[in-house]
Amino acid sequence: VPQKSIRRKHVPHRTCVGCREVLPKRSLIRLVRTEDGIQIDPTGKLSGRGAYLHDLKSCWQRGLRGAVAHALRTELTPADRERLIAVMESLPEAQEAREANSER
Ligand SMILES: [Zn+2]
């Protein structure tokens, strides 16, 4: 798949597929569709179609209902779902994290 149209903006922003907020890329967790299924990409360097989520449980819950699969143009396999749920379980609930990372 050609990636010629990717533009490098000064501060890249991405949309959280869970809540649709647009934020600086660095404050979001990247998921990538790979040959081995959907993986978390902490470095942001894996190639492949990506989707972004806040590090908040609530966004993952919403995302796993369909937005992640849609953004990655794939379907979550049971293994993907298990892997993502395991990550989700390690994330804080919405309110605590929002206060901790507020960037306004
Ligand atoms: Zn979100």
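The values are calculated or read from the model by the stated rules, or taken from the named source; none is laboratory data. Everything quoted here is computed from the prediction, not taken from an experiment. Methodologically, a virtual Cβ is constructed for each residue, glycine included, from the backbone with ideal geometry; neighbour enumeration extends over all protein chains shown.
Can you name every residue in the range 77-102 that is modelled with pLDDT under 95 and assigned to a loop (DSSP other than H, G, I, E, B)? Matches in the range 77-102: Ser90, Leu91, Pro92, Glu93, Asn101, Ser102.
Of the residues making up the range 26-56, those that are in a helix (DSSP H, G or I) and in contact (Cβ under 8 Å) with a residue 40 or more places away in the chain number 1. Within the span defined as the range 18-25, every residue fails to be more than 16 Å from the ligand (Cβ to nearest atom), among the charged types (D, E, K, R), modelled with pLDDT under 95 and farther than 15 Å from Arg83 by Cβ.
Scanning the range 26-56 for residues that are farther than 17 Å from Ala94 by Cβ and within 11 Å of the ligand (Cβ to nearest atom) gives no hits. Restricting attention to the range 57-70, does a residue exist that is assigned to a loop (DSSP other than H, G, I, E, B) and more than 19 Å from Ser90 (Cβ to Cβ)? Within the range 57-70 (the criterion being assigned to a loop (DSSP other than H, G, I, E, B) and more than 19 Å from Ser90 (Cβ to Cβ)), the answer is no, since none of the residues qualifies.
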